[in-house]
Amino acid sequence: MTLPAQLRQVSSTIWELPVSFKEGMLVPVRIIASEPLLATMEAGVFDQAANVACLPGIVKYSYCMPDGHWGYGFPIGGVAAMNPATGVISPGGIGFDINCGMRLVLTNLTEQEVRPRLHKLVDLMFERIPTGVGCKGFVKCTRSEFRHVLEKGSRWCLEKGYATHDDLKMTEEQGSFSGADASTCSERAIERGVDQIGTLGSGNHYCEIQVARPENIFDQETARAFGITIPNQVVIMFHCGSRGLGHQVATDYLQTFLRVMTKKYGITVRDRELACAPFRSPEGQEYFSAMKCAVNMGFANRQVILHRLREVFSQVFRRSPEDLGMDMVYDVAHNTAKLETHRVDGKEKELLVHRKGATRSLGPHAPGLPACYKETGQPVIIGGSMETGSYLLAGNGGASDTFFTTAHGSGRTMSRHQAKKMTKGQKLLGEMEQRGIYVRTDSYGGLAEEAGFAYKDIDVVTAATEMADLSRRVVKLVPIGNIKG
Amino acid sequence: MMTYRFLEHIATADVAFEAYGTTREELFISCAEALLHTMVHQLEDVERVQEEIIKLEHTDLDLLLYSFLEELVFQKDARQLLLHADVVRIEEADDILRLEAVTSGEKIAPQRHRLVVDVKAVTLHHFQVVQEEDGWRATVVLDI
């Protein structure tokens, strides 16, 4: 495809669009990518990143990460930091699936030990972790109890016996965003999400059994610090979010912001999906609180799934989760807005950082890291397609330029319908089984849409984040079992 | 006649469609069909065993359609209901558009419904309703 004529190369991994690219841009766009990745980006990415650059209060640059692709409102992979005093908050900069994120869990089992029981494990995972369209979870709670989930996140799970203290330590913000007031979530949002704790959902959401093969370890020392210590060690990675609750919060406030944005605050945007309100306005603050509730639902959801996974492994191997070493490496969110302190032009500033399909990536010694990761930097979990593998990386100091943010996944290059035309789900399932990956799904159509060829090459994406000094590769993890909705 | 078609070149990771109707009411029914077809392989697999009446109002036609589709997504999660839109009536009075839709369907049954993907939300990206010479056309991007 043709790149915009005004795109200027700043360094081997930074490409800039000046404010003259589009009327109303307040800051330039910066795309972080290697040359081959840049060539795969759709025109929509540049256009959307430029629309983001027009939002009031944006600081420095409208960024797009190396896995960036055409989304709605912000591009997927979009990062924008706003001045909280003068800037806006936009649900379109966070996404409908608030706190969609990744969790990585260790075991002390090897591939050799898991292979003979792989089918049993995956079948039981598929039975215990609900997947697919409109799925309901096993946790039954009343609406008032659900409000506690929204206000406490993983702390609620700890109280109910679904979490350990260490799980919370290994979760971004200890699994609970403070300042979440459940009264800012509509009854509709509560009704939609109340039965969904501990469910995976569908689309690109999955739970995968993976192996850390010795030849795939890039950084032995950091891998050890992250708990990868045995050759062919088995780990579990999963990707899901805040389910219907988060989707409804975003839908509700998108409409609220559309009502007040221009009439009350005189703001106009280039795409209604970028509807926003001043961060310090009543509407902005209400959405920020509701978004935090959704973030907490996302953490609780993944925590309850981890609880189920521990039960499954425990049952199959007849050993306790502690004995199986089922500790968390980390849990990190993809779709959030957070108040964070960053250095801008030599001065510390509080900024509202929107990340949409982008991972926080704290370098070594950054405040907010668990003590055990002070020297290594934050574990960054980047999920690839279910065929090609995923990566565990570590945050680098260079990420300070992108408000400590890196990529989040492979990034799609092919539409869902195109992917379905190229392969049939059942055929793909058979091919994957041949290659030693056992998959269970409720949806063959959905499976075909997630085929490896529909995504960018995860090796190229993670290498680009390393070249840009955002994060460094620690280990590539290859799948052997997968459940998806 | 196919009253909607899926679009390839908008929002790579999501699903976009264009739907048509000779009247506004037909357009709404086409959009509901496209939404259901995003989630289930064959529309006929979803049997009409229970009826639901949806009533909504808005000042703008496009946002009325947005609310209508959003309500169908809500029913899917909150009540596990997959719904066909059978009859849609839209009336206008005092600059307000009032919609009454008769919908019918059943609870999600993964064994029978050959599910495809879950729809998280209806986005407003490229969302539009336009009147053309021979009827109405809508463009919708769904978040997957």
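Look at the dipole of region B:4-143 built from charges on Cβ: of B:GLN131, B:VAL15, B:VAL102, the Cα furthest out on the positive end belongs to B:VAL15.
Stokes-Einstein, applied to the Kirkwood radius of the protein assembly as shown over Cα pairs at a viscosity of 1.002 mPa s and 20 °C, places its translational diffusion at 88 µm² s⁻¹. Name the residue, out of B:VAL15, B:VAL117, B:VAL40, whose mean-square fluctuation peaks in a Gaussian network model built on chain B with Cα pairs under 10 Å. Largest GNM mean-square fluctuation: B:VAL117. Counting Cβ atoms of other protein chains within 10 Å of each Cβ in A:264-275 and taking the mean gives 2. Estimated at the nearest 10 Å², the accessible area of A:ARG259 is 150 Å² with a 1.4 Å probe. In the protein assembly as shown, taking the dipole from charged Cβ atoms about the Cα centre, the farthest positive-side position among A:THR13, A:GLY44, A:TYR253 is held by A:THR13. About its Cα centre, the dipole of chain A is roughly 780 debye, where the only charges are +1 on Lys and Arg Cβ and -1 on Asp and Glu Cβ. Under a 5 Å amide H cut-off, with hydrogens placed 1.01 Å from N, A:ILE14 pairs with A:ALA33 among residues at least 5 apart or on other chains. The lysines whose alpha-carbon is closer than 19 Å to the alpha-carbon of A:LYS456, local same-chain residues fewer than 8 away aside, are A:LYS356, A:LYS420, A:LYS421, A:LYS476. Structural descriptor for chain A: relative contact order 22 percent, calculated from alpha carbon pairs under 8 angstrom and at least 6 residues apart. Label positions at A:LYS169 and A:ARG117, each projected 7 Å from the Cα along the C-beta direction, are separated by 2.7 nm.
For trypsin sites (Lys or Arg not before Pro), the sites in region A:129-207 that DSSP calls loop and that have at most 15 other Cβ atoms within 10 Å are A:LYS140.
Within the straight-line cut-off of under 17 Å between alpha carbons, the lysines reachable from A:LYS427 are A:LYS484, sequence neighbours fewer than 8 places apart in one chain being disregarded.
Relative to the dominant Cα principal axis of chain A, helix A:143-152 is inclined by about 80°. Between rounded, prolate and oblate, where does region A:413-472 land on the alpha carbon gyration tensor, with a ≥ b ≥ c its root eigenvalues, rounded for a/c under 1.5, else prolate if a/b exceeds b/c? Taking the square roots of the gyration eigenvalues as a ≥ b ≥ c, region A:413-472 is prolate.
What quantity of accessible surface, computed with a 1.4 Å probe and excluding non-protein components, is buried in total between chains B and A, in Å² to the nearest 100?
In total, chains B and A hide about 3600 Å² from solvent.
Residue by residue, region A:388-398 carries 3J(HN,Hα) couplings of 9, x, 9, 10, 10, 10, 10, x, 10, x, x Hz when phi is fed to the Karplus relation 6.51 cos²θ - 1.76 cosθ + 1.60 (θ = phi - 60°); x denotes Gly or Pro. Of B:GLU51, B:GLU133, B:GLU91, which is the most mobile in a GNM of chain B whose springs link Cα atoms less than 10 angstrom apart? Comparing B:GLU51, B:GLU133, B:GLU91 in a Gaussian network model of chain B, the most mobile one is B:GLU133. Hey, if you drop one equal point scatterer on each alpha-carbon of region B:4-143 and run the Debye formula without solvent, what base-10 log of I(q)/I(0) do you get at q = 0.09, 0.15, 0.19, 0.20 Å⁻¹? One equal scatterer on each Cα of region B:4-143 leads to -0.25, -0.70, -1.13, -1.25.
Computed about the Cα centre, the dipole magnitude for region A:83-177 is approximately 340 debye when only Lys and Arg (+1) and Asp and Glu (-1) carry charge, each at its Cβ. Near the amide H of B:LEU97, within less than 5 Å, lie the amide hydrogens of B:HIS58, B:THR59, all on another chain or at least 5 residues away, with H placed in the peptide plane. Where both partners of a DSSP beta bridge lie in the protein assembly as shown, what percent of those bridges are antiparallel, to the nearest 5? Once the DSSP bridges in the protein assembly as shown are tallied, antiparallel ones form about 90 percent.
Residue-wise HN-Hα couplings along region A:448-457, as the Karplus relation 6.51 cos²θ - 1.76 cosθ + 1.60 with θ = phi - 60° gives them from phi, are 4, 5, 9, 4, x, 5, 7, 10, 5, 6 Hz; Gly and Pro carry x. Express in whole angstrom the spacing between the alpha-carbon centres of region A:416-437 and region A:333-402. Spelled out, the Cα-based centre of one part sits 33 Å from the other. Rounded to the nearest 20 debye, the dipole size of region B:4-143 about its Cα centre is 620 debye, using +1 on the Cβ of Lys and Arg and -1 on the Cβ of Asp and Glu. For chain A, find the longest principal axis of its Cα atoms and tell me its angle to the long axis of helix A:118-128, 0 to 90°, nearest 10. Taking the Cα atoms of chain A, the angle to A:118-128 is about 60 degrees. Entry note, region B:4-143: relative contact order of 32 percent, from Cα contacts under 8 Å with a spacing of 6+ residues. Applying the Karplus relation 6.51 cos²θ - 1.76 cosθ + 1.60 with θ = phi - 60° to region B:108-120 yields 3J(HN,Hα) values of 4, 10, x, 5, 9, 8, 6, 6, 10, 9, 7, 9, 7 Hz, where x marks Gly and Pro. Other residues with beta-carbon under 12 Å from the beta-carbon of A:GLU16 carry, at +1 per Lys or Arg and -1 per Asp or Glu, a net charge of +3.
The distance from the alpha carbon centre of region B:28-61 to that of region A:240-285 is 26 Å, rounded to a whole number. Secondary-structure-derived ellipticity at 222 nm for chain B, considering helices only, amounts to -8500 deg cm²/dmol, per-run term -39500 (n - 2.57) for DSSP H runs with n ≥ 4.
In what order, largest first, do B:LYS107, A:LYS60, A:LYS484 sit by accessible area if the probe radius is 1.4 Å?
B:LYS107, A:LYS60, A:LYS484
The angle separating the long axis of helix A:282-317 from the principal Cα axis of greatest extent in chain A is about 10 degrees. When chain B is treated as a GNM with alpha-carbon contacts under 10 Å, the residue of B:ASP77, B:ASP94, B:ASP45 showing the greatest mean-square fluctuation is B:ASP94.
Extension gain, A:LYS421 to A:ILE230, is 64.7 nm, computed as 0.36 nm per intervening residue step minus the present C-alpha separation. The distance separating the Cα centre of region A:294-328 from that of region A:31-95 comes to 34 Å.
The values are calculated or read from the model by the stated rules, or taken from the named source; none is laboratory data. Remember, predicted model here, so these are calculated numbers, not experimental data. Note that each Cβ is placed from the backbone with ideal geometry, even for glycine, and that neighbours are counted across all protein chains shown. The accessibility values were calculated without ligands, DNA or RNA, using every heavy atom of the protein model including side chains. Shrake-Rupley method; radii C 1.70, N 1.55, O 1.52, S 1.80 Å.
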